[in-house]
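Asker: The structure that follows is given in the form of C-alpha coordinates.
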(Lines give C-alpha, C1' and ligand atoms only; values in the text may rest on other atoms or scores of the structure.)
Protein backbone atom coordinates (compact mmCIF):
# COMPACT_ATOMS: atom_id res chain seq x y z
CA UNK A 1 0.00 0.00 0.00
CA UNK A 2 1.16 3.50 -0.79
CA UNK A 3 2.67 5.42 2.12
CA UNK A 4 0.40 7.82 3.96
CA UNK A 5 1.93 11.00 5.40
CA UNK A 6 -0.12 13.24 7.66
CA UNK A 7 1.60 16.49 8.54
CA UNK A 8 0.82 19.30 10.93
CA UNK A 9 -1.98 17.87 13.07
CA UNK A 10 -2.50 20.59 15.70
CA UNK A 11 -4.19 19.50 18.91
CA UNK A 12 -4.83 21.18 22.27
CA UNK A 13 -2.28 20.97 25.06
CA UNK A 14 -2.97 17.91 27.18
CA UNK A 15 -3.96 15.64 24.28
CA UNK A 16 -2.34 12.23 24.71
CA UNK A 17 -0.61 10.39 21.90
CA UNK A 18 -3.31 7.72 21.52
CA UNK A 19 -5.98 10.36 20.96
CA UNK A 20 -3.68 12.09 18.46
CA UNK A 21 -3.33 8.82 16.54
CA UNK A 22 -7.12 8.40 16.48
CA UNK A 23 -7.56 11.92 15.12
CA UNK A 24 -4.92 11.30 12.44
CA UNK A 25 -6.46 7.96 11.50
CA UNK A 26 -9.86 9.58 10.94
CA UNK A 27 -8.22 12.29 8.85
CA UNK A 28 -6.50 9.64 6.72
CA UNK A 29 -9.68 7.63 6.33
CA UNK A 30 -8.31 4.65 8.23
CA UNK A 31 -10.57 2.35 10.14
CA UNK A 32 -10.16 1.61 13.82
CA UNK A 33 -8.35 -1.67 13.08
CA UNK A 34 -5.71 0.20 11.07
CA UNK A 35 -4.96 2.84 13.69
CA UNK A 36 -1.99 0.86 14.96
CA UNK A 37 -0.36 1.16 11.54
CA UNK A 38 0.09 4.88 12.09
CA UNK A 39 3.28 5.92 13.78
CA UNK A 40 4.30 9.30 15.13
CA UNK A 41 7.29 10.69 13.24
CA UNK A 42 7.37 14.14 14.82
CA UNK A 43 5.92 15.80 17.90
CA UNK A 44 6.56 19.34 19.09
CA UNK A 45 4.94 22.12 21.08
CA UNK A 46 3.87 25.42 19.51
CA UNK A 47 3.62 27.91 22.37
CA UNK A 48 3.82 31.14 20.39
CA UNK A 49 0.25 31.97 21.41
CA UNK A 50 0.12 31.44 25.18
CA UNK A 51 -3.69 31.46 25.02
CA UNK A 52 -3.75 28.61 22.52
CA UNK A 53 -0.75 26.32 23.00
CA UNK A 54 -0.83 23.41 20.59
CA UNK A 55 0.80 20.02 20.19
CA UNK A 56 1.93 19.58 16.58
CA UNK A 57 2.13 16.03 15.19
CA UNK A 58 3.24 14.38 11.98
CA UNK A 59 2.39 10.75 11.19
CA UNK A 60 3.26 8.04 8.71
CA UNK A 61 1.64 4.76 7.72
CA UNK A 62 2.58 2.01 5.25
CA UNK A 63 5.90 3.71 4.63
CA UNK A 64 9.24 2.10 4.01
CA UNK A 65 11.45 1.37 6.96
CA UNK A 66 13.52 4.38 8.01
CA UNK A 67 16.85 4.37 6.22
CA UNK A 68 19.81 3.45 8.38
CA UNK A 69 23.49 3.58 7.58
CA UNK A 70 24.62 0.20 6.21
CA UNK A 71 27.26 -1.63 8.25
CA UNK A 72 30.91 -1.28 7.32
CA UNK A 73 32.52 -3.93 5.17
CA UNK A 74 34.64 -6.33 7.22
CA UNK A 75 38.40 -5.86 7.02
CA UNK A 76 40.27 -8.09 4.58
CA UNK A 77 42.84 -8.88 7.24
CA UNK A 78 43.08 -8.64 11.00
CA UNK A 79 43.02 -4.98 12.07
CA UNK A 80 43.49 -3.70 15.61
CA UNK A 81 41.98 -0.40 16.74
CA UNK A 82 42.57 1.22 20.13
CA UNK A 83 39.98 3.74 21.36
CA UNK A 84 40.77 6.14 24.21
CA UNK A 85 37.57 7.16 25.99
CA UNK A 86 34.14 5.55 26.38
CA UNK A 87 31.93 8.60 26.01
CA UNK A 88 29.45 8.85 23.11
CA UNK A 89 32.19 9.31 20.47
CA UNK A 90 34.34 6.39 21.61
CA UNK A 91 31.31 4.22 22.30
CA UNK A 92 29.75 4.59 18.86
CA UNK A 93 33.11 4.37 17.09
CA UNK A 94 33.90 1.12 18.91
CA UNK A 95 30.43 -0.31 18.32
CA UNK A 96 30.54 0.46 14.59
CA UNK A 97 34.00 -1.09 14.16
CA UNK A 98 33.21 -4.14 16.29
CA UNK A 99 30.14 -4.88 14.18
CA UNK A 100 32.36 -4.90 11.10
CA UNK A 101 34.78 -7.37 12.65
CA UNK A 102 37.61 -5.08 13.70
CA UNK A 103 39.56 -6.05 16.80
CA UNK A 104 38.67 -3.17 19.10
CA UNK A 105 39.90 -2.39 22.60
CA UNK A 106 38.61 0.66 24.48
CA UNK A 107 40.51 2.16 27.40
CA UNK A 108 38.46 4.33 29.76
CA UNK A 109 40.27 6.05 32.60
CA UNK A 110 37.14 6.16 34.75
CA UNK A 111 35.05 3.38 36.24
CA UNK A 112 32.03 1.41 35.09
CA UNK A 113 28.91 3.51 35.43
CA UNK A 114 27.68 1.89 38.67
CA UNK A 115 31.08 2.27 40.34
CA UNK A 116 31.35 5.76 38.91
CA UNK A 117 28.10 6.67 40.64
CA UNK A 118 29.61 5.50 43.93
CA UNK A 119 32.64 7.75 43.33
CA UNK A 120 30.36 10.73 42.73
CA UNK A 121 28.33 9.94 45.85
CA UNK A 122 31.53 9.72 47.91
CA UNK A 123 32.55 13.16 46.68
CA UNK A 124 29.13 14.59 47.54
CA UNK A 125 28.90 12.91 50.95
CA UNK A 126 32.51 12.94 52.12
CA UNK A 127 34.18 15.51 49.85
CA UNK A 128 36.67 12.88 48.72
CA UNK A 129 37.30 13.43 45.00
CA UNK A 130 38.34 10.59 42.70
CA UNK A 131 40.23 12.51 40.00
CA UNK A 132 39.94 9.58 37.57
CA UNK A 133 36.25 8.76 38.02
CA UNK A 134 33.72 11.56 38.48
CA UNK A 135 31.13 13.59 36.58
CA UNK A 136 33.67 14.16 33.79
CA UNK A 137 35.38 10.74 33.55
CA UNK A 138 33.91 7.25 33.39
CA UNK A 139 31.60 5.03 31.39
CA UNK A 140 29.33 7.07 29.14
CA UNK A 141 31.38 10.26 29.40
CA UNK A 142 30.25 13.59 30.84
CA UNK A 143 26.81 13.25 29.25
CA UNK A 144 25.84 10.31 31.46
CA UNK A 145 25.33 12.66 34.40
CA UNK A 146 23.66 15.53 32.59
CA UNK A 147 20.20 15.26 31.08
CA UNK A 148 20.77 12.97 28.13
CA UNK A 149 19.66 15.63 25.66
CA UNK A 150 19.71 14.20 22.13
CA UNK A 151 18.68 17.22 20.08
CA UNK A 152 21.36 18.44 17.69
CA UNK A 153 21.98 20.87 14.87
CA UNK A 154 23.43 18.02 12.80
CA UNK A 155 21.12 16.50 10.19
CA UNK A 156 21.14 13.41 7.98
CA UNK A 157 20.51 9.66 8.29
CA UNK A 158 23.17 9.25 10.98
CA UNK A 159 20.89 11.11 13.40
CA UNK A 160 18.22 8.43 13.06
CA UNK A 161 20.85 5.69 13.31
CA UNK A 162 22.09 7.01 16.64
CA UNK A 163 18.58 7.50 18.04
CA UNK A 164 17.56 4.01 16.94
CA UNK A 165 20.68 2.60 18.61
CA UNK A 166 19.76 4.27 21.88
CA UNK A 167 16.25 2.80 21.65
CA UNK A 168 17.63 -0.68 20.93
CA UNK A 169 19.57 -0.42 24.15
CA UNK A 170 16.71 0.71 26.36
CA UNK A 171 16.05 4.41 25.76
CA UNK A 172 12.38 5.47 25.48
CA UNK A 173 11.03 5.01 21.94
CA UNK A 174 9.63 8.55 21.99
CA UNK A 175 13.14 9.92 21.34
CA UNK A 176 12.60 8.87 17.71
CA UNK A 177 9.93 11.52 17.20
CA UNK A 178 10.12 14.16 19.93
CA UNK A 179 11.36 17.53 18.74
CA UNK A 180 13.67 17.77 21.75
CA UNK A 181 14.41 14.20 22.81
CA UNK A 182 16.13 13.33 26.07
CA UNK A 183 16.85 10.14 28.01
CA UNK A 184 17.51 11.38 31.56
CA UNK A 185 20.41 10.72 33.88
CA UNK A 186 18.48 7.94 35.63
CA UNK A 187 17.96 5.95 32.41
CA UNK A 188 21.28 6.60 30.67
CA UNK A 189 23.37 4.24 32.83
CA UNK A 190 21.38 1.19 31.70
CA UNK A 191 21.67 2.31 28.08
CA UNK A 192 25.46 2.71 28.14
CA UNK A 193 25.89 -0.61 29.96
CA UNK A 194 23.86 -2.31 27.25
CA UNK A 195 25.99 -0.77 24.50
CA UNK A 196 29.11 -1.92 26.32
CA UNK A 197 27.72 -5.45 26.53
CA UNK A 198 27.03 -5.39 22.77
CA UNK A 199 30.61 -4.36 21.99
CA UNK A 200 31.91 -7.20 24.17
CA UNK A 201 29.51 -9.71 22.59
CA UNK A 202 30.92 -8.72 19.20
CA UNK A 203 34.44 -9.50 20.38
CA UNK A 204 35.56 -6.05 21.51
CA UNK A 205 37.10 -5.22 24.86
CA UNK A 206 36.28 -2.32 27.20
CA UNK A 207 38.88 -1.79 29.92
CA UNK A 208 38.01 0.58 32.78
CA UNK A 209 40.26 2.32 35.25
CA UNK A 210 43.01 2.43 32.63
CA UNK A 211 44.28 5.65 31.10
CA UNK A 212 46.10 5.94 27.79
CA UNK A 213 49.49 7.29 28.82
CA UNK A 214 51.44 7.42 25.57
CA UNK A 215 51.59 6.30 21.96
CA UNK A 216 54.46 5.39 19.66
CA UNK A 217 54.92 6.41 16.05
CA UNK A 218 57.20 5.08 13.32
CA UNK A 219 57.64 6.91 10.03
CA UNK A 220 54.89 9.37 10.93
CA UNK A 221 52.31 6.66 11.71
CA UNK A 222 50.95 5.45 15.04
CA UNK A 223 52.14 1.91 15.73
CA UNK A 224 51.27 1.31 19.37
CA UNK A 225 49.49 2.77 22.39
CA UNK A 226 50.57 2.50 26.02
CA UNK A 227 47.79 2.13 28.58
CA UNK A 228 48.13 1.02 32.17
CA UNK A 229 51.84 0.51 31.65
CA UNK A 230 51.40 -1.97 28.78
CA UNK A 231 52.04 -1.30 25.10
CA UNK A 232 49.37 -2.40 22.61
CA UNK A 233 50.22 -2.55 18.88
CA UNK A 234 47.48 -1.07 16.70
CA UNK A 235 46.58 -0.08 13.16
CA UNK A 236 44.52 2.92 14.29
CA UNK A 237 44.29 4.95 17.48
CA UNK A 238 41.04 6.84 18.12
CA UNK A 239 41.41 9.75 20.52
CA UNK A 240 37.90 10.13 21.93
CA UNK A 241 38.84 11.73 25.25
CA UNK A 242 36.49 14.32 26.71
CA UNK A 243 36.98 18.06 27.06
CA UNK A 244 38.45 17.60 30.56
CA UNK A 245 41.36 15.31 29.58
CA UNK A 246 43.89 18.02 30.29
CA UNK A 247 46.80 15.64 30.83
CA UNK A 248 46.14 14.09 27.42
CA UNK A 249 46.20 17.55 25.82
CA UNK A 250 49.58 18.12 27.47
CA UNK A 251 50.85 14.80 26.09
CA UNK A 252 49.76 15.77 22.58
CA UNK A 253 51.41 19.17 22.84
CA UNK A 254 54.66 17.64 24.08
CA UNK A 255 54.63 15.13 21.20
CA UNK A 256 54.13 18.02 18.76
CA UNK A 257 50.72 16.89 17.53
CA UNK A 258 49.10 19.81 15.72
CA UNK A 259 46.43 21.50 17.81
CA UNK A 260 44.97 24.96 18.18
CA UNK A 261 43.15 27.09 20.70
CA UNK A 262 39.45 27.44 20.04
CA UNK A 263 36.66 29.60 21.37
CA UNK A 264 34.58 28.25 24.23
CA UNK A 265 32.44 29.80 26.98
CA UNK A 266 32.28 30.12 30.76
CA UNK A 267 29.88 31.50 33.33
CA UNK A 268 27.48 30.15 35.94
CA UNK A 269 24.51 27.86 36.40
CA UNK A 270 21.26 29.79 36.86
CA UNK A 271 18.31 28.26 38.73
CA UNK A 272 14.62 29.18 38.70
CA UNK A 273 11.47 27.54 39.97
CA UNK A 274 10.41 25.11 37.25
CA UNK A 275 6.73 26.04 37.62
CA UNK A 276 7.58 29.66 36.80
CA UNK A 277 9.52 28.61 33.70
CA UNK A 278 6.47 26.56 32.67
CA UNK A 279 4.20 29.59 33.00
CA UNK A 280 6.67 31.85 31.19
CA UNK A 281 6.93 29.43 28.26
CA UNK A 282 3.40 28.03 28.04
CA UNK A 283 1.18 30.52 29.83
CA UNK A 284 -0.76 29.80 33.00
CA UNK A 285 -3.59 27.99 31.22
CA UNK A 286 -1.47 25.30 29.58
CA UNK A 287 1.47 24.97 31.99
CA UNK A 288 -0.12 22.18 34.03
CA UNK A 289 -1.01 20.19 30.90
CA UNK A 290 2.44 20.00 29.32
CA UNK A 291 5.84 18.50 30.14
CA UNK A 292 8.31 20.67 32.09
CA UNK A 293 9.33 23.54 29.83
CA UNK A 294 12.82 24.30 28.63
CA UNK A 295 14.28 27.42 27.08
CA UNK A 296 17.19 28.54 24.96
CA UNK A 297 18.13 32.20 25.14
CA UNK A 298 20.86 34.33 23.59
CA UNK A 299 21.75 37.99 23.31
CA UNK A 300 24.24 40.07 21.37
CA UNK A 301 23.69 43.29 23.29
CA UNK A 302 27.08 42.87 24.98
CA UNK A 303 30.47 43.02 23.22
CA UNK A 304 30.62 39.22 23.59
CA UNK A 305 27.86 36.71 23.03
CA UNK A 306 25.94 35.66 26.15
CA UNK A 307 23.66 32.63 25.99
CA UNK A 308 22.12 29.75 27.89
CA UNK A 309 23.28 26.17 27.36
CA UNK A 310 22.47 22.66 28.58
CA UNK A 311 19.13 23.64 30.10
CA UNK A 312 17.88 21.02 32.57
CA UNK A 313 14.15 21.20 33.35
CA UNK A 314 13.30 19.96 36.83
CA UNK A 315 16.98 19.31 37.40
CA UNK A 316 19.90 19.75 39.77
CA UNK A 317 23.24 21.56 39.76
CA UNK A 318 26.02 18.97 39.96
CA UNK A 319 29.62 19.12 41.22
CA UNK A 320 31.67 18.47 38.08
CA UNK A 321 35.29 19.06 38.99
CA UNK A 322 37.93 16.53 37.99
CA UNK A 323 40.88 18.24 39.70
CA UNK A 324 41.49 18.79 43.38
CA UNK A 325 41.22 22.39 44.51
CA UNK A 326 38.69 23.47 41.88
CA UNK A 327 34.92 24.01 41.81
CA UNK A 328 33.07 23.22 38.59
CA UNK A 329 29.30 23.02 38.14
CA UNK A 330 27.14 21.26 35.59
CA UNK A 331 23.45 20.46 35.29
CA UNK A 332 21.53 17.19 35.23
CA UNK A 333 17.95 16.02 35.29
CA UNK A 334 16.19 12.67 35.35
CA UNK A 335 13.81 11.33 32.75
CA UNK A 336 10.67 12.71 34.43
CA UNK A 337 12.34 16.11 35.02
CA UNK A 338 10.27 16.39 38.16
CA UNK A 339 12.59 18.41 40.41
CA UNK A 340 11.43 21.74 41.84
CA UNK A 341 14.05 23.84 40.04
CA UNK A 342 15.09 24.40 36.47
CA UNK A 343 18.74 25.14 35.78
CA UNK A 344 20.84 26.17 32.82
CA UNK A 345 24.32 27.35 32.09
CA UNK A 346 24.55 31.12 31.61
CA UNK A 347 27.68 31.59 29.55
CA UNK A 348 29.85 34.29 28.02
CA UNK A 349 31.97 33.76 24.94
CA UNK A 350 35.70 33.32 25.60
CA UNK A 351 37.89 34.05 22.59
CA UNK A 352 41.27 32.52 21.73
CA UNK A 353 42.97 35.90 22.00
CA UNK A 354 41.86 36.09 25.66
CA UNK A 355 43.97 33.15 26.73
CA UNK A 356 47.36 32.87 28.32
CA UNK A 357 50.29 32.17 26.01
CA UNK A 358 50.47 28.74 24.44
CA UNK A 359 48.05 26.33 22.86
CA UNK A 360 46.76 25.23 26.27
CA UNK A 361 46.08 28.78 27.44
CA UNK A 362 42.34 28.08 27.55
CA UNK A 363 42.94 25.15 29.87
CA UNK A 364 44.97 27.36 32.19
CA UNK A 365 42.25 30.03 32.16
CA UNK A 366 39.64 27.43 33.10
CA UNK A 367 41.85 26.10 35.88
CA UNK A 368 42.53 29.59 37.27
CA UNK A 369 38.80 30.39 37.49
CA UNK A 370 37.92 26.99 38.96
CA UNK A 371 40.52 27.47 41.69
CA UNK A 372 39.18 30.97 42.39
CA UNK A 373 35.71 29.45 42.83
CA UNK A 374 37.17 26.86 45.23
CA UNK A 375 38.74 29.62 47.33
CA UNK A 376 35.57 31.73 47.22
CA UNK A 377 33.40 28.79 48.25
CA UNK A 378 35.44 28.16 51.39
CA UNK A 379 37.98 25.57 50.18
CA UNK A 380 35.66 22.62 50.93
CA UNK A 381 34.07 22.29 47.45
CA UNK A 382 31.09 24.41 48.43
CA UNK A 383 30.16 26.57 45.46
CA UNK A 384 29.98 30.38 45.49
CA UNK A 385 26.44 31.61 44.80
CA UNK A 386 24.60 34.90 44.37
CA UNK A 387 21.10 36.03 43.53
CA UNK A 388 20.88 37.18 39.91
CA UNK A 389 19.49 40.57 40.93
CA UNK A 390 22.41 41.13 43.32
CA UNK A 391 24.88 40.18 40.59
CA UNK A 392 23.35 42.87 38.39
CA UNK A 393 23.63 45.40 41.22
CA UNK A 394 27.21 44.38 42.03
CA UNK A 395 26.52 43.44 45.64
CA UNK A 396 27.06 40.09 47.38
CA UNK A 397 24.05 38.08 48.51
CA UNK A 398 23.59 36.94 52.08
CA UNK A 399 20.82 34.44 51.38
CA UNK A 400 18.77 32.90 48.60
CA UNK A 401 15.20 33.80 47.69
CA UNK A 402 12.43 31.32 46.92
CA UNK A 403 14.80 29.31 44.72
CA UNK A 404 16.74 26.99 47.02
CA UNK A 405 20.16 25.88 45.69
CA UNK A 406 20.34 22.27 44.52
CA UNK A 407 24.14 22.04 44.43
CA UNK A 408 24.59 19.12 46.87
CA UNK A 409 27.86 20.18 48.53
CA UNK A 410 26.36 23.46 49.73
CA UNK A 411 26.85 27.05 48.64
CA UNK A 412 28.56 30.12 50.09
CA UNK A 413 26.93 33.45 49.25
CA UNK A 414 29.50 35.70 47.61
CA UNK A 415 30.00 38.32 44.94
CA UNK A 416 30.58 36.23 41.81
CA UNK A 417 32.07 39.16 39.91
CA UNK A 418 35.42 38.43 41.56
CA UNK A 419 35.77 35.14 39.67
CA UNK A 420 36.02 36.35 36.08
CA UNK A 421 37.89 39.09 34.22
CA UNK A 422 36.09 42.44 34.35
CA UNK A 423 35.12 42.40 30.66
CA UNK A 424 33.49 38.97 31.03
CA UNK A 425 31.58 40.11 34.13
CA UNK A 426 30.34 43.20 32.30
CA UNK A 427 29.13 41.11 29.35
CA UNK A 428 27.37 38.68 31.68
CA UNK A 429 25.60 41.58 33.40
CA UNK A 430 24.50 43.16 30.13
CA UNK A 431 23.44 39.79 28.80
CA UNK A 432 21.56 38.78 31.94
CA UNK A 433 19.60 42.04 31.95
CA UNK A 434 18.69 41.60 28.28
CA UNK A 435 17.62 37.99 28.77
CA UNK A 436 15.36 39.18 31.58
CA UNK A 437 13.59 41.23 28.93
CA UNK A 438 13.24 38.16 26.72
CA UNK A 439 11.90 35.99 29.58
CA UNK A 440 10.28 37.93 32.39
CA UNK A 441 11.75 37.02 35.76
CA UNK A 442 14.94 35.51 34.36
CA UNK A 443 17.04 37.87 36.52
CA UNK A 444 14.60 38.22 39.42
CA UNK A 445 15.38 38.37 43.14
CA UNK A 446 14.68 34.63 43.28
CA UNK A 447 16.87 33.51 40.36
CA UNK A 448 20.09 32.02 41.74
CA UNK A 449 23.55 31.92 40.15
CA UNK A 450 26.04 29.22 41.17
CA UNK A 451 29.65 29.23 40.00
CA UNK A 452 31.42 28.21 37.98
CA UNK A 453 30.35 26.60 34.71
CA UNK A 454 33.74 26.28 32.98
CA UNK A 455 33.60 23.00 31.05
CA UNK A 456 30.88 23.67 28.49
CA UNK A 457 33.20 22.66 25.62
CA UNK A 458 36.81 21.96 24.83
CA UNK A 459 39.23 24.91 24.69
CA UNK A 460 41.38 23.11 22.09
CA UNK A 461 41.01 21.41 18.72
CA UNK A 462 43.27 18.54 17.62
CA UNK A 463 43.73 19.21 13.92
CA UNK A 464 42.68 16.51 11.48
CA UNK A 465 42.45 16.30 7.71
CA UNK A 466 39.63 15.33 5.39
CA UNK A 467 40.55 11.69 6.01
CA UNK A 468 39.83 12.26 9.75
CA UNK A 469 43.46 11.52 10.65
CA UNK A 470 45.67 13.91 12.59
CA UNK A 471 47.61 16.17 10.27
CA UNK A 472 50.68 15.24 12.33
CA UNK A 473 50.45 11.45 12.54
CA UNK A 474 48.73 8.91 10.32
CA UNK A 475 46.64 6.42 12.21
CA UNK A 476 45.74 8.95 14.92
CA UNK A 477 42.06 9.90 14.75
CA UNK A 478 40.93 12.89 16.88
CA UNK A 479 37.25 12.31 17.60
CA UNK A 480 34.33 13.88 19.42
CA UNK A 481 33.81 16.84 21.69
CA UNK A 482 37.10 16.75 23.58
CA UNK A 483 39.08 17.05 20.36
CA UNK A 484 36.93 19.93 19.14
CA UNK A 485 34.59 18.14 16.69
CA UNK A 486 31.27 17.90 18.50
CA UNK A 487 29.03 19.73 20.94
CA UNK A 488 26.87 17.22 22.77
CA UNK A 489 25.89 13.56 22.96
CA UNK A 490 24.37 13.30 19.48
CA UNK A 491 27.06 15.13 17.53
CA UNK A 492 29.77 13.23 19.43
CA UNK A 493 28.15 9.87 18.66
CA UNK A 494 27.80 10.83 15.00
CA UNK A 495 31.45 11.88 14.87
CA UNK A 496 32.37 8.49 16.33
CA UNK A 497 30.54 6.73 13.48
CA UNK A 498 32.19 8.98 10.90
CA UNK A 499 35.63 8.26 12.32
CA UNK A 500 34.90 4.51 12.27
CA UNK A 501 33.87 4.81 8.63
CA UNK A 502 37.06 6.73 7.82
CA UNK A 503 39.19 4.07 9.54
CA UNK A 504 37.57 1.32 7.46
CA UNK A 505 38.19 3.30 4.28
CA UNK A 506 41.78 4.21 5.14
CA UNK A 507 42.70 0.66 6.16
CA UNK A 508 41.00 -1.03 3.20
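The values are calculated or read from the model by the stated rules, or taken from the named source; none is laboratory data. This is a predicted model, so every value here is computed, not measured. Every residue, glycine as well, gets a Cβ built from its backbone with ideal geometry; the counts of neighbours run over all protein chains shown.
Asker: Among the candidates 503, 489, which residue alone is over 15 Å from residue 239 (Cα atoms), in contact with a helix residue (DSSP H, G or I) (Cβ under 9 Å, 6 or more places away or on another chain) and assigned by TED's automatic domain parsing to the domain that holds residue 150?
Answerer: 489
Asker: Going by what's in this entry, would residue 72 be described as in the same structural domain as residue 17 (by TED's automatic domain parsing) and either at pLDDT 95 or above or in contact with a helix residue (DSSP H, G or I) (Cβ under 8 Å, 6 or more places away or on another chain) (or both)? Spell out the reasoning first.
Answerer: Working: in the same structural domain as residue 17 (by TED's automatic domain parsing): no; either at pLDDT 95 or above or in contact with a helix residue (DSSP H, G or I) (Cβ under 8 Å, 6 or more places away or on another chain) (or both): yes.
In short, no.
Asker: Looking only at residues in the stretch 365-382 that are outside any loop (DSSP other than H, G, I, E, B) and more than 22 Å from the chain's Cα centre (by Cα), which one is farthest from residue 275 (Cα to Cα)?
Answerer: Of everything passing the filter in the stretch 365-382, 368 is farthest from residue 275 (Cα to Cα).
Asker: Something else: Is there a residue in the stretch 353-363 that is more than 15 Å from residue 270 (Cβ to Cβ), modelled with pLDDT under 95, over 24 Å from the mean Cα position of the chain (by Cα) and not in a loop (DSSP other than H, G, I, E, B)?
Answerer: yes
Asker: Taking interchain pairs and intrachain pairs at least six residues apart, which have beta carbon atoms under 8 angstrom, with the first residue in the stretch 177-206 and at positive phi and the second at pLDDT 95 or above and outside any strand (DSSP E or B)?
Answerer: Close Cβ pairs satisfying both conditions: 184/333; 184/334; 184/335; 184/336; 184/337; 203/98; 203/101.
Asker: It is to be established whether one or more residues within the stretch 404-420 are within 23 Å of residue 320 (Cα to Cα) and in the same structural domain as residue 235 (by TED's automatic domain parsing).
Answerer: No - not one qualifying residue is present in the stretch 404-420.
Asker: Still on this structure: Output the residues belonging to the stretch 387-408 that are touching a residue at least 60 places away in the same chain (Cβ under 8 Å), crowded, with 23+ Cβ neighbours inside 10 Å and touching a helix residue (DSSP H, G or I) at 6+ places or on another chain (Cβ under 8 Å).
Answerer: 388
Asker: Let me ask you something else. Pick out the one residue from 110, 90, 63 that is in a loop (DSSP other than H, G, I, E, B), closer than 29 Å to residue 246 by Cα and touching a residue at least 40 places away in the same chain (Cβ under 8 Å).
Answerer: 110
Asker: Could you identify the single residue in 123, 137 that is at pLDDT 95 or above, over 18 Å from residue 198 (Cβ atoms) and part of a helix (DSSP H, G or I)?
Answerer: Being at pLDDT 95 or above, over 18 Å from residue 198 (Cβ atoms) and part of a helix (DSSP H, G or I) holds for just one of 123, 137, which is 123.
Asker: So, in the stretch 245-299, of the ones that are assigned to a strand (DSSP E or B) and touching a helix residue (DSSP H, G or I) at 6+ places or on another chain (Cβ under 7 Å), which residue ends up nearest to residue 344 (Cα to Cα)?
Answerer: This residue is 270.
Asker: Taking residue 242 and the conditions (1) more than 23 Å from the chain's Cα centre (by Cα); (2) in a loop (DSSP other than H, G, I, E, B); (3) over 27 Å from residue 78 (Cβ atoms), which numbered condition does it fall short on, given that it satisfies the others?
Answerer: Here residue 242 clears every test but (1).
Asker: Within the stretch 300-316, which residues are surrounded by 22 or more Cβ atoms within 10 Å (Cβ to Cβ) and outside any strand (DSSP E or B)?
Answerer: The answer is 313, 314, 315.
Asker: So, one more: Condition test on residue 184, is it outside any helix (DSSP H, G or I) and within 23 Å of residue 106 (Cα to Cα)?
Answerer: No, not satisfied.
Asker: Every residue in the stretch 409-442 that is assigned to a loop (DSSP other than H, G, I, E, B) and either surrounded by fewer than 18 Cβ atoms within 10 Å (Cβ to Cβ) or within 25 Å of the chain's Cα centre (by Cα) (or both), please. Spell out the reasoning first.
Answerer: Taking the stretch 409-442 and keeping what is assigned to a loop (DSSP other than H, G, I, E, B), we get 409-410, 414-415, 419-421, 439-442.
Scanning the stretch 409-442 gives 409, 410, 415, 419, 420, 421, 439, 440, 441, 442.
Conditions (1) more than 18 Å from the chain's Cα centre (by Cα); (2) assigned by TED's automatic domain parsing to the domain that holds residue 228; (3) on the phi < 0 side of the Ramachandran plot, marked per residue:
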{"position": "90", "(1), (2), (3)": "no, yes, yes"}
{"position": "106", "(1), (2), (3)": "yes, yes, yes"}
{"position": "109", "(1), (2), (3)": "yes, yes, yes"}
{"position": "113", "(1), (2), (3)": "no, yes, yes"}
{"position": "116", "(1), (2), (3)": "no, yes, yes"}
{"position": "121", "(1), (2), (3)": "yes, yes, yes"}
{"position": "127", "(1), (2), (3)": "yes, yes, no"}
{"position": "131", "(1), (2), (3)": "yes, yes, yes"}
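Asker: What are the pairs, 6+ residues apart or on separate chains, where a residue within the stretch 35-50 that is in the same structural domain as residue 20 (by TED's automatic domain parsing) has its Cβ under 6 Å from a residue that is outside any strand (DSSP E or B) and loosely packed, with under 15 Cβ neighbours inside 10 Å?
Answerer: From the stretch 35-50, the pairs are 44/179.
Asker: Given the condition in contact (Cβ under 8 Å) with a residue 40 or more places away in the chain, under 30 Å from residue 233 (Cβ atoms), under 18 Å from the mean Cα position of the chain (by Cα) and in a loop (DSSP other than H, G, I, E, B), answer yes or no: does some residue in the stretch 160-175 qualify?
Answerer: no
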